[in-house]
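**Q** Could you have a look at this structure, given as structure tokens, before my questions?
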Amino acid sequence: MITTDRMAAVDANAAALGVPRKQLMESSGNAVAREVRALADPGASVDLLCGRGNNGGDAFVAARFLSAYDVTVRLLGRPESIRTEIARENWAALERAEIPTETVADAADLALDGPDVIVDAMLGSGVTGALREPERTAARLANESDAAVVAVDVPSGIDADTGEPAGSGSGEPTGSDAGSAVRVEADRVVTFHDEKPGLAALDAEVTVADIGIPAAAERFTGPGDLLGLARDPDSHKGENGEVLVIGGGPYTGAPSLSARSALRTGADLVRVACPETVAGTVQGYSADLIVRGLPGDRVGPAHVDRALELAAGNDAVVLGPGLGDGESASEFVREFLSRYDGRAVVDADALRVVPEVDTGAELICTPHQGELVEMGGETADDPDERAALVRSFADEIGHTLLVKGAVDVASDGDAVRLNRTGNPGMTVGGTGDVLAGAVGALAAVTDPFRAAAVGAYVNGLAGDAAAEEMGYGLVATDLPDRLPEAMRDE
Ligand SMILES: NC(=O)C1=CN([C@@H]2O[C@H](COP(=O)(O)OP(=O)(O)OC[C@H]3O[C@@H](n4cnc5c(N)ncnc54)[C@H](O)[C@@H]3O)[C@@H](O)[C@H]2O)[C@H](O)CC1
Ligand SMILES: [K+]
């Protein structure tokens with residue numbers, strides 16, 4: 001089962017692995033043609049109703065695989081309105097191959113001459129809102145015809161994630177008479193790569209076609225995992241996340257690295273709660289940080305109320321960098337987590353307490369393999385075995401785990417995602433603090449599992465960029481300023 005958002009990410013990851021979208025379109029179109037051949041004998045008439053996006057593009061390809069049939073490709077719009085290069089190229093190939101095509105500018109011009117099969121390739125995952133003209137009239141004509149209707153990817157007008165008519169639920173009028181949202185009632189659906197959540201509810205026969213997307217496109221993080229995280233152009237200060245780092249004491253660099261990394265990953269405001277004896281040093285690292293001193297030279301149980309008060313004003317907490325492993329720090333972590341119910345990244349010395357604390361918080365624990373074992377988890381050399389062990393331990397503790405290594409493993413106890421970015425130069429001290437800050441900024445704007453996977457991905461990219469310039473002599477402070485480039489999703 002895959003959602004449309006995740007499908008778009010996997011599609012982009014496939015392209016990054018070297019399987020371009022045009023190749024996927026070719027496979028999709030071929031799968032649609034196979035379905036038509038299973039439905040109708042050679043010589044049957046096939047009308048392909050095509051939209052201006054890649055859903056239509058799939059049918060332009062399918063028409064090429066149906067040379068034994070009497071096909072007519074009907075584009076609902078002008079050829080120059082075809083949205084993507086790969087669809088335009090496939091349309092041009094039809095015209096050069098003299099495969100019968102027709103362009104329909106106005107719904108009134110659309111007349112189906114009783115085809116045996118209709119291929120519904122008007123809209124797929126790109127539908128937004130209730131069907132507009134000419135798709136609306138075309139859908140009605142398809143539903144009124146006696147033809148067998150084969151929908152490409154998802155029946156036009158249906159939201160693939162919900163199975164509901166697109167646009168319903170948004171409160172907008174869905175049809176001339178209320179509630180009569182127009183959508184294609186397909187006999188068959190050929191969907192790509194994996195089942196879509198909304199298709200099971202339809203009374204159509206669904207075929208899931210493998211279109212050659214490698215499993216690695218889902219298993220490993222890639223550029224597609226960044227899609228949709230880009231900043232909303234008209235957002236205001238604070239809407240892109242506010243993060244509180246709780247750390248420092250024996251160390252001052254760690255909380256500063258985490259805080260700077262959170263800012264560079266996109267957080268609008270980052271505060272650092274640290275012992276007041278080191279507050280000046282932490283503030284000295286960067287004017288961009290808002291430092292809140294806690295009395296004394298170590299974070300301890302006496303600071304829990306203040307820390308909870310500060311945490312309440314933030315979207316995510318990063319707990320642990322530079323706290324030290326003293327008893328007072330452990331007492332603080334135990335007490336804080338037992339009362340905190342927000343979202344927190346737990347790293348370094350704070351990790352060992354997690355399995356013994358009953359917390360209402362959503363945690364993202366970022367141990368390396370040694371810390372994982374200290375927490376009670378297990379590790380293995382074989383990547384698949386290691387992934388399975390991380391997944392079951394995440395399920396056992398009820399939190400998201402990001403286990404760092406040459407290949408990082410992220411899991412929320414259900415899904416697992418591996419990250420291959422990064423390099424051995426990143427074994428230098430402090431890169432874990434940078435990672436914790438990046439995950440904290442992401443946890444402020446997306447779900448914990450995605451924050452963990454994407455955090456590992458961009459931290460590794462930043463480390464690779466640093467190694468590009470300075471080899472394995474890179475240091476942790478080289479990473480934060482390379483995170484913005486790593487976060488760009490184009
Ligand atoms: N993701 C993959 O791995 C693959 C996907 N393929 C196919 O691509 C479509 C999605 O294509 P996309 O271009 O994103 O959008 P659509 O073609 O579905 O539709 C966009 C198109 O439709 C117009 N439009 C949007 N909403 C409406 C509406 N309510 N009424 C009328 N018109 C509407 C919009 O203006 C655009 O022109 C996916 O479903 C697959 O079929 C790949 O080819 C295979 C791999
Ligand atoms: K469709």
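**Q** Using the Karplus curve 6.51 cos²θ - 1.76 cosθ + 1.60 with θ = phi - 60°, work out ³J(HN,Hα) for each residue of region 352-363 in order, rounded to whole Hz, and write x for Gly and Pro.
**A** Along region 352-363, the couplings run 5, 6, 3, x, 9, 9, 8, 10, x, 7, 8, 9 Hz.
**Q** Packing-wise, with mean Cβ within 10 Å as the measure, how do 190-197, 45-52 rank, highest first?
**A** Working: 190-197: 21.2, 45-52: 27.4.
Peptide ranking by packing, descending: 45-52, 190-197.
**Q** Once neighbouring chains are kept in place and the probe is 1.4 Å, which whole percent of the accessible area of the chain is contributed by carbon and sulfur?
**A** Details: 9330 of 20020 Å².
With neighbouring chains kept in place, the figure for the chain is 47 percent.
**Q** Using a 1.4 Å probe and ignoring any ligands, DNA or RNA, find the accessible area of Met426 and quote it in Å² to the nearest 10.
**A** 30 Å²
**Q** What distance in nm separates the simple spin-label points at Glu385 and Asp489, each placed 7 Å from Cα in the Cβ direction?
**A** Modelled inter-label distance: 3.7 nm.
**Q** Next question, about the same structure. Heavy atoms only, probe 1.4 angstrom, no DNA, RNA or ligands counted: give me Asp41, Asp159 ranked by accessible area, highest first. Could the numbers behind the result be given before it?
**A** Working: Asp41 120, Asp159 50 Å².
Listed by decreasing accessible area, they come as Asp41, Asp159.
**Q** Sticking with this one: Enumerate the residues in region 348-365 having an amide nitrogen under 15 Å from the point lying 7 Å beyond the Cα of Asp341 toward its Cβ.
**A** 358-363
**Q** Could you derive backbone 3J(HN,Hα) for region 364-376 from the dihedral phi with the Karplus parameters 6.51, -1.76 and 1.60 (θ = phi - 60°), listing whole Hz in sequence and x where the residue is Gly or Pro?
**A** Result, ordered by residue: 10, 8, 10, x, 7, 5, x, 5, 4, 5, 4, 6, x Hz.
**Q** Counting Lys +1, Arg +1, Asp -1, Glu -1, what net charge surrounds Ala467 among other residues with beta carbon under 11 Å of its beta carbon? Provide the component values of the computation, followed by the final result.
**A** Details: positive: Arg482; negative: Asp464, Glu468, Glu469, Asp478.
Residues near Ala467 contribute -3 overall.
**Q** Long-range amide H contacts for Leu131: which residues qualify at under 5 Å (H placed 1.01 Å from N, peptide plane, sequence gap of 5 or more or a different chain)?
**A** Result for Leu131 returns Val182.
**Q** For the chain, just the Cα set please: Rg and Dmax, both in angstrom.
**A** That works out to 26.9, 86 Å for Rg and Dmax.
**Q** On to the next question. With every protein chain present, what accessible area does Arg219 have (1.4 Å probe, heavy atoms only), rounded to the nearest 10 Å²?
**A** Surface open to solvent at Arg219 totals about 80 Å².
**Q** Let me see the pair-distance distribution of region 384-445: every alpha carbon pair, 5 Å bin width, integer percents in order.
**A** Binned Cα distances yield the sequence 4, 17, 25, 23, 20, 10, 1.
**Q** Let me ask another. Taking H placed 1.01 Å from N in the peptide plane, check which residues at least 5 places from Ile246 or on another chain put their amide H under 5 Å from its amide H.
**A** Correct list: Ala273, Val318, Leu319, Gly320.
**Q** Order Arg264, Arg136 by their accessible area, 1.4 angstrom probe, all chains in place, largest first.
**A** Working: Arg264 95, Arg136 35 Å².
Reading off the accessible areas and sorting them downward yields Arg264, Arg136.
**Q** Something else: Quick one: accessible surface of Asp358, probe radius 1.4 Å, all protein chains present, in square angstrom to the nearest 10.
**A** 130 Å²
**Q** Mean projection of the alpha-carbon convex hull of region 238-486 over all orientations, in nm²?
**A** Working: hull surface 45.9 nm².
Orientation-averaged projected area of the Cα hull: 11.5 nm².
**Q** Each residue of region 207-224 in order: what ³J(HN,Hα) in whole Hz does its phi give by Karplus 6.51 cos²θ - 1.76 cosθ + 1.60, θ = phi - 60°, with x for Gly and Pro?
**A** 10, 9, 9, 6, 10, x, 7, x, 4, 4, 5, 9, 6, 9, 5, x, x, x
**Q** State the Cα centre-to-centre distance between region 5-71 and region 351-417 in whole Å.
**A** Value for the Cα centre distance between the two parts: 41 Å.
**Q** Right, something else. Could you grab the relative contact order for the chain? Cα pairs under 8 Å, six or more apart, rounded to a whole percent.
**A** Working: 1140 pairs, mean separation 56.2, N = 490.
Rounded, it is 11 percent for the chain.
**Q** So how long is each side of region 142-279 along the principal axes, counting just the alpha-carbon atoms, biggest first, in Å?
**A** Sorted from largest, the Cα extents of region 142-279 read 80, 40, 23 Å.
**Q** Less than 9 Å Cβ to Cβ from Ala44, Lys/Arg counted +1 and Asp/Glu -1: what total charge do the surrounding residues give?
**A** Values: positive: none; negative: Asp41, Asp70, Asp116.
Local net charge: -3.
**Q** Let me ask something additional. For Asp159, list long-range residues whose amide hydrogen, built 1.01 Å from N in the peptide plane, is under 5 Å from its own amide hydrogen.
**A** Long-range HN contacts for Asp159: Glu164, Ala166.
**Q** How far apart, in nm, are two points set 7 Å out from the Cα along the Cα-to-Cβ line at Thr128 and at Gln23?
**A** The two pseudo-label positions are separated by 3.0 nm.
**Q** From the Cα gyration tensor of region 73-152, with a ≥ b ≥ c the square roots of its eigenvalues, which class applies: rounded if a/c is under 1.5, or else prolate if a/b is larger than b/c, or else oblate? Mind dumping the intermediate values first?
**A** Details: a/c = 1.61, a/b = 1.23, b/c = 1.31.
Oblate.
**Q** Next question, about the same structure. At 1.4 Å probe size, put Phe336, Phe65 in order of accessible surface, largest to smallest. Don't jump to the answer; show the numbers that get you there.
**A** Working: Phe336 0, Phe65 65 Å².
Largest accessible area first, the residues go Phe65, Phe336.
**Q** Between the helical axis of 253-264 and the dominant principal axis of the chain, each derived from Cα atoms, what acute angle in degrees is found, rounded to the nearest 10?
**A** 30 degrees
The values are calculated or read from the model by the stated rules, or taken from the named source; none is laboratory data. This one's a predicted model, so the numbers in the text were calculated from it and none came from an experiment. All Cβ positions, glycine included, derive from the backbone under ideal geometry; neighbour counts span all protein chains shown. These area figures cover heavy atoms from the full protein model, side chains too; ligands, DNA and RNA do not enter into them. Shrake-Rupley method; radii C 1.70, N 1.55, O 1.52, S 1.80 Å.
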